[in-house]
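Right, one structure below, let's go through it.
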Amino acid sequence: MSMGEESQPAGPKDLSDDTRVDLEAEFNDSHVKEVLDTLDRELIGLRPVKTRIREIAALLLVDRLRRRYALTAGAPTLHMSFTGNPGTGKTTVALRMAEILHRLGYVREGHLIAVTRDDLVGQYIGHTAPKTKEVIKKAMGGVLFVDEAYYLYKPENERDYGQESIEILLQIMENNRDDLVVILAGYKDKMERFFASNPGMRSRIAHHVDFPDYSALELMAIAKLMLAEQNYGFSPAGEKAFADYIPLRMKLGHFANARSIRNALDRARLRQANRLFAGKHRSLTKRDLMTIEAEDVLASRVFGEGVPDTDPAH
Amino acid sequence: MMTNPGNRLTQGQFSFLPDLTDAQITAQIKYALKQGWAIGIEYTDDPHPRNTYWEMFGMPMFDLKDPAGILMEINNCRKTFPNHYVRVTAFDSSQGWETPRMSYIVNRPKKEPGFGLVRQEVDGRQVRYTIHSYATDSPESERY
């Protein structure tokens, strides 16, 4: 340090160009590692999504260090759009995102307000603006998650109030960047159309994250994770039966990735309970209560008739 | 009223202090939100102390987490009524009814004429006293 610098009062701005700050320490300090680790552990697959989250975390961390040297660079824009098929984990990731942003000090409270068109758009003239603003005020200090955001824009009805809501959102996204992060989510093709007709929205969103579909192996891992969370488990035969079930179900219509898996597991639990109830020996062990057997899975109509269990047409 | 030379209205909390800065207001709101209180913004141009019910500026705000949204509304109100009194009230509903827990002025007219003492002579040469705000001599919304 030169003499001139020494005479200045000590403070964060007076680190010289060669002073070292510890990125590692800063990283440990922010406790963001725990969130990233749970993300890795609890979310199967989703490589591109995790990579992007790591990038964002790194950017915010480096930004924090830069602030030590008084290297100002306005707050980065972190509005995001999550596109992907149903059941690919958009809401779950948004929740984690809120937590990561909170730990890195980008948002003050770190809560997530999940809304859809109904919560933002009013029913008559003059109803939309207060409604949208109320939701925005609730989301301040956290993350506003607009699910199925493309519904906001209805081109077939030019008097639709959705446009008004979009304009208020745009204004807030620009002016209150420090106060909240907006995440728009929806199916890929519909979101593409939404952005095409709202170029202002596209340009204000820095991160377009695409959620890929899960492979059969990933879905199996998800199924096991879901069961473990509810203190269930497959028997070896049950596991094999479910592994057979997944590709069959994937080929059928209305396949909603992890959500379909959860529904299938719920029905398997139902059948398991029924089997235990109908069974002759009523004295059960803890293992009986926890285990999903092959027959619980194989009873699904996916195997016999080739239709999803939920399909009401059959 | 030489005890209050600037004729500053002294109602609610902090009213004998210099006007709160936005940072101070934010800190106060943060405290209220942490207690789980709802926050309303009200305005008036009738400063009489018995004028308890001021006009509401929008709905009271429930379930907010962060003061930024409320500060935004305060600033909207200030923009709409730059020469009115604006106050922030925090309501506690934990008892089953809404109780004001905090109330303080966040905006006041540039010039506050203050109050005059009014004497009314009644039966038996008795004198009744009341106060009268000079501002309310003009009609509503033309007062300041």
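Each value in this text was obtained by applying a stated rule to the coordinates, not by laboratory testing. Worth saying up front: this structure is predicted, and the values here are computed from it rather than measured. Neighbour counts are summed over all protein chains in view; Cβ atoms, including those assigned to glycine, are modelled from backbone coordinates with ideal geometry.
Annotations for the structure displayed:
- Around the amide H of residue A:214, modelled in the peptide plane, lies no amide H under 5 Å away from a residue 5 or more places distant or on another chain.
- For chain B, the longest principal axis of the alpha carbon atoms and the long axis of helix B:22-34 meet at an angle near 70°.
- DSSP-defined beta bridges in the protein assembly as shown - what % are antiparallel, rounded to 5: 55 percent
- Taking the range A:89-107 and a reference point 7 angstrom along Cα→Cβ of residue A:42, the backbone N atoms nearer than 13 Å belong to A:91-100.
- Fewest neighbouring Cβ atoms within 10 Å first, the residues A:136, A:113 line up as A:113, A:136.
- Taking 0.36 nm per residue of separation and subtracting the current Cα-Cα distance, fully stretching the chain between residue A:124 and residue A:269 would add 47.7 nm.
- Simple Cβ-charge dipole of the protein assembly as shown, Lys/Arg +1 and Asp/Glu -1, about Cα centre, in debye nearest 20: 740 debye
- Hypothetical label at residue B:98: residues of the range B:29-71 whose amide nitrogen lies under 14 Å (7 Å Cα-Cβ projection): B:37-43, B:53-64
- Anisotropy class of the range A:157-197 from Cα gyration tensor, a/c 1.5 cut: oblate
- Nearest 10 degrees, 0 to 90: helix A:32-42 Cα axis against chain A principal axis: 20 degrees
- Placing unit charges on the Cβ atoms of the charged side chains and taking the dipole of chain A about its Cα centre, the candidate lying farthest along the positive direction among A:140, A:104, A:220 is A:220.
- Calculated from backbone phi, Karplus (6.51, -1.76, 1.60) coupling profile of the range A:62-76 in Hz, x at Gly/Pro: 4, 4, 5, 5, 4, 5, 4, 8, 6, 8, 7, 8, x, 4, x
- Debye, to nearest 20: dipole size of chain B, +1 on Lys, Arg Cβ, -1 on Asp, Glu Cβ: 400 debye
- Farthest positive-ward along the protein assembly as shown dipole, Cα basis, beta-carbon charges - from A:264, A:289, B:25: A:289
- In order along the range B:127-139, the phi-based Karplus estimate (6.51 cos²θ - 1.76 cosθ + 1.60, θ = phi - 60°) of 3J(HN,Hα) comes to 10, 10, 10, 8, 10, 9, 7, 4, 4, 6, 5, 8, x Hz; Gly and Pro are listed as x.
- The mean count of C-beta atoms from other chains within 10 Å of the C-beta of residues in A:129-139, rounded to a whole number, is 4.
- Nonlocal amide H pairs with residue A:112, under 5 Å, H built at 1.01 Å: A:143
- Taking amide H as placed 1.01 Å from N in the peptide plane, residue B:101 has its amide H under 5 Å from the amide H of B:90, B:91, B:92, each at least 5 places away in sequence or on another chain.
- Calculated FRET efficiency for the pair residue B:11/residue A:215, C-beta based, R₀ 60 Å, to 0.05: 0.35
- The protein assembly as shown shape via C-alpha gyration tensor axes, a/c threshold 1.5: prolate
- Helix A:188-197 and the longest principal axis of the Cα set of chain A meet at an angle near 40°.
- Counting Cβ atoms of other protein chains within 10 Å of each Cβ in A:145-156 and taking the mean gives 0.
- Computed 3J(HN,Hα) for the range A:283-300, one whole-Hz value per residue from the Karplus formula 6.51 cos²θ - 1.76 cosθ + 1.60 where θ = phi - 60°, is 8, 10, 8, 4, 5, 4, 5, 9, 9, 9, 8, 4, 5, 5, 7, 5, 6, 4, glycine and proline marked x.
- FRET efficiency, residue B:119 to residue B:23 (Cβ-Cβ, R0 35 Å, nearest 0.05): 0.20
- GNM result for chain A, Cα springs below 10 Å: residue of A:231, A:198, A:263 fluctuating most strongly: A:231
- Local electrostatic count, residue B:20, Cβ distance below 15 Å [Lys/Arg +1, Asp/Glu -1]: +3
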